[in-house]
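The values are calculated or read from the model by the stated rules, or taken from the named source; none is laboratory data. In this text the structure is predicted, and so the values were computed from the model without any measurement. Every residue, glycine as well, gets a Cβ built from its backbone with ideal geometry; the counts of neighbours run over all protein chains shown. Note: accessible area is taken over every heavy atom of the protein model, side chains too, but ligands, DNA and RNA are not part of it. Shrake-Rupley method; radii C 1.70, N 1.55, O 1.52, S 1.80 Å.
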Amino acid sequence: MTITEEQIRDDLYQAYFDARRYKRNTLAQLEFEEEEEVNLEELYPELINRTYKPLPAFCFITFDPVQREVFASQFRDRVIQHMLYNYLAPLFDTLLIYDTYSCRIGKGTHFGMERFCHHIRSCTENFRYDAHVLMIDLSGYFMSIDKALLMNIVMDKIYTHLDRRSPDGRLWSERIDPFFCEWLLHCFFDRNPADDCIRLGSPENWDGLPNKKRLSCSPPGHGLVIGDIDSQMLSNVLLNEVDQDAKRILKIRHYGHYVDDHYAIHRELAFLQELEPVLQELFYNKIHVEIHPHKIKYAPATGANQYLGAYVRPYYKVPRQRTVDKFVRVAQEMEYQLALCQPTLDDLELIRARVNSYCGILSHYKAFNLRKKYFDVPAFQEYFVFDEWMTKGMLKPQYMKDYKYWETHFY
């Protein structure tokens, strides 16, 4: 398919709606939305004439949970990234193995955690037999990605599948313009965001950050921005080169990963020990990345295996201590605000959102007593009601913003 100007306009607007879906309250999105049509119509001719270039990204350091360098693309560039994602994700989602969890619709950390539990139960036949887990992590994965290799893999997959049918029955050639996608990929690949970024925060924030976690220290032609949606999708495409060999050639039945956090489960420890150097060679030869030598772990499947923020034990999961500590701190802060500061209706709405966020996260674990201990107290009970299992909190009617409206019109 040769993409038309009309199709580019439609796809651009759809990408904008996708980009803003979970960013409606961010300052960057609100500024873009103030002149939404003007901003999109400025992007449109840049795409038509192939003159689009990404703006400098914002670079800053986060320390929660660990020190990490973050590059945040400007919102107009996020729109284009979603546009590229909408073209490529439907194709590559059909090519990835089932147990690739990141940046896929219907999957994510909780899905990955459940699949990890499923593989342990399956391998041990519901804990009737012993088994072992091999956990590996890649060393500076995003910063060591070879962009030329990745580009070749992506375009080879696109051209290979153009004459094949997509899940909706159409040929992929009817859904994808390979030349337009290749140009968009070059827009992001042919630049190093660290060269012209806008640094935020104190320069001391970068002190102690290893070079392997700095995009500016990556070799020429290497390194992708971690936070961009197309980087996450394409990182899965690169890892899929190893995944296919792991499943089809090495025959590792119980295998999966969330980005660069991989696991393999087998009843024989010797099998996993022999597998480790094979995987190391596979990662290096196939995609030019290395396994972190200090992040290789063997553990019994019946133990407390930590994966994606949870400790997986036989028949149940518990949150890791860092999650518990943060929850306790936030719950105590909210309790203090409710008990001593006479919160406004706006304050209560924000607290309700934070309460339900933690209730939703902790509901995936065996943590009912933890929620009950910190939410079933007078300060919260004054303003909120909770369901039976403390999975959702709701403001009492008299504290809702629209209570007077309902009281006036319906009571």
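For the stretch 1-149, the carbon plus sulfur part of the accessible surface works out to 50%, probe radius 1.4 Å.
Over the chain, what relative contact order in percent results from Cα pairs under 8 Å that are six or more residues apart?
After rounding, I find 19 percent.
Specify the residue with the greatest mean-square fluctuation among 193, 54, 167, computed from a Gaussian network of the chain linking alpha-carbon atoms under 10 Å apart. Of the options given, 167 has the highest mean-square fluctuation. Along the stretch 135-149 the Karplus relation, 6.51 cos²θ - 1.76 cosθ + 1.60 evaluated at θ = phi - 60°, assigns HN-Hα couplings of 10, 9, 10, 7, 7, x, 4, 4, 6, 10, 5, 7, 5, 5, 4 Hz to successive residues, with x for each Gly and Pro.
Just subtract the alpha-carbon distance of residue 344 and residue 128 from 0.36 nm times their residue separation and send over the number in nm, one decimal.
Values: separation 216, 0.36 × 216 = 77.76 nm, distance 5.50 nm.
Gain in length upon complete extension: 72.3 nm.
Computed from backbone phi with θ = phi - 60° and the Karplus coefficients 6.51, -1.76 and 1.60, the 3J(HN,Hα) list for the stretch 109-114 is 5, 5, 4, x, 5, 5 Hz; x is used for glycine and proline.
What shape does the stretch 110-192 take by its C-alpha gyration tensor, where a ≥ b ≥ c are the square roots of the eigenvalues and a/c under 1.5 counts as rounded, a/b above b/c as prolate, and the rest as oblate?
Oblate, since a/c reaches 1.5 and b/c is not below a/b.
The value obtained for the stretch 336-397, namely the Cα convex hull volume divided by the number of residues, is 73 Å³ per residue.
For the stretch 197-348, the fraction of 1.4 Å probe accessible surface lying on carbon and sulfur atoms is 51 percent. As a rough guide to protection, the peptides 55-65, 250-260 ranked by mean Cβ packing within 10 Å, highest first, stand as 250-260, 55-65. GNM on the chain, alpha-carbon springs under 10 angstrom: the most fluctuating residue among 309, 106, 223 is 106. With the biggest extent put first, the Cα atoms of the stretch 282-411 measure 70, 32, 29 Å across the principal axes. According to the square roots a ≥ b ≥ c of the eigenvalues of the Cα gyration tensor, what is the shape class of the stretch 25-96, taking rounded for a/c under 1.5, prolate for a/b larger than b/c otherwise, and oblate for the remainder? It comes out oblate by the Cα gyration axes. Length gained on full extension, residue 326 to residue 274: 14.8 nm, using 0.36 nm per residue less the C-alpha separation. The Rg/Rh ratio for the stretch 200-275, using Cα coordinates for both the radius of gyration and the Kirkwood hydrodynamic radius, is 1.11.
Taking every protein chain into account, the 1.4 Å probe leaves residue 368 with about 60 Å² of accessible area, to the nearest ten. Any idea what the relative contact order of the stretch 60-129 is, in percent, if you count C-alpha pairs under 8 Å spaced at least 6 apart? For the stretch 60-129, the relative contact order is 12 percent. Shape of the stretch 260-313 from the C-alpha gyration tensor: oblate (a/c of 1.5 or more and a/b not above b/c, with a ≥ b ≥ c the square roots of its eigenvalues). A Stokes-Einstein calculation at 20 °C with viscosity 1.002 mPa s, built on the Kirkwood radius of the stretch 89-239 over Cα pairs, returns a diffusion coefficient of 117 µm²/s. Using the alpha-carbon positions of the stretch 270-344, Rg (one decimal) and Dmax (whole number) come out as 20.8, 62 Å.
Taking the inverse of the average 1/r across all pairs of different Cα atoms in the stretch 206-361, what Kirkwood radius in Å do you get?
Result for the stretch 206-361 stands at 19.6 Å.
Straightening the chain between residue 381 and residue 46 buys 115.1 nm, computed as 0.36 nm per residue apart minus the Cα-Cα spacing. Take the alpha-carbon positions of the chain, form their convex hull, and give its projected area averaged over all directions (one quarter of the hull surface) in nm². Averaged projected hull area, Cα only: 25.0 nm².
Here the Gaussian network model covers the chain, with springs between Cα atoms less than 10 Å apart; of 120, 105, 153, 105 fluctuates the most. Computed with a 1.4 Å probe over protein heavy atoms only, the accessible surface of the stretch 356-402 comes to 57 Å² per residue.
Think of a 1.4 Å ball rolled over the protein heavy atoms: the stretch 266-328 then has 57 Å² of accessible area per residue.
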